[in-house]
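The values are calculated or read from the model by the stated rules, or taken from the named source; none is laboratory data. As the structure is a computational prediction, the values presented were derived from the model and not from experiment. Glycine gets a Cβ as well: all are built from the backbone with ideal geometry, and neighbour counts include every protein chain shown. For accessibility, only protein heavy atoms count, side chains too; no ligands or nucleic acids. Shrake-Rupley method; radii C 1.70, N 1.55, O 1.52, S 1.80 Å.
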Amino acid sequence: MTDFRMKKTDDVITKSFVDLVIENGFDNVTVTDIALKSMISRKTFYLHYEDKFALTDAILQDILTWLDETLKKKRLLINQGIGLSNAVGQLEPELRQLLMCWSRPINAIMAIPQAKMQLMDGLKDILSNHLQAALTHPKSDLEINVIGGMMLGMIRYYLQTNDFPSSKEIHQLSDTLNLIFGA
């Protein structure tokens, strides 16, 4: 069982690191800066993470794990015959979590060139795996890339607008996709 104090300290370290990266850039952030902002000792930081690179990797993995779990839930809803607009409605808590909890960490990761590449590769792998499992007919690379691009576009939309589309917008998107690709 995870110690509540350890989890709370991890959360404070992560939030401080994200704030510092967004404010100052990754290269200008030191473990000392993170510890000071977190109001912990450097020793406490090192009890949790080897260095700022390990912290970056942990945040990156948390983002990818969250996305993977959310897509698993979406796939289950669609496998139950729930349409896109209703699935999005049922995923509203996860979408709110994306906006409230993950937008700043994602923005911080995107500001770190190496981590950004890892995030993009991880997203691509997760989306590809979920699309491969969801599609019941033979899959083509074109289909995987186009649908994956649309899914990344939705994530980007959430992060840029700090809001998610209305039910009306989702229905309109669904109608447009049906017009373009057929029902």
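See the values below:
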read-out: Residue count, the range 60-78 (criterion: under 14 Å from L123 (Cα atoms), touching a residue at least 24 places away in the same chain (Cβ under 8 Å) and not polar (S, T, N, Q)); value: 9
read-out: Helices (runs of 4 or more DSSP H) completely within the range 60-153 that count 1 or more residues being open to solvent by less than 40 Å² (accessible area, probe 1.4 Å), at pLDDT 75 or above and not basic (K, R); value: 103-110, 113-134
read-out: Selection count where residues are more than 24 Å from the chain's Cα centre (by Cα), in a helix (DSSP H, G or I) and of a type in the set (G, A, S), scope the range 20-48; value: 1
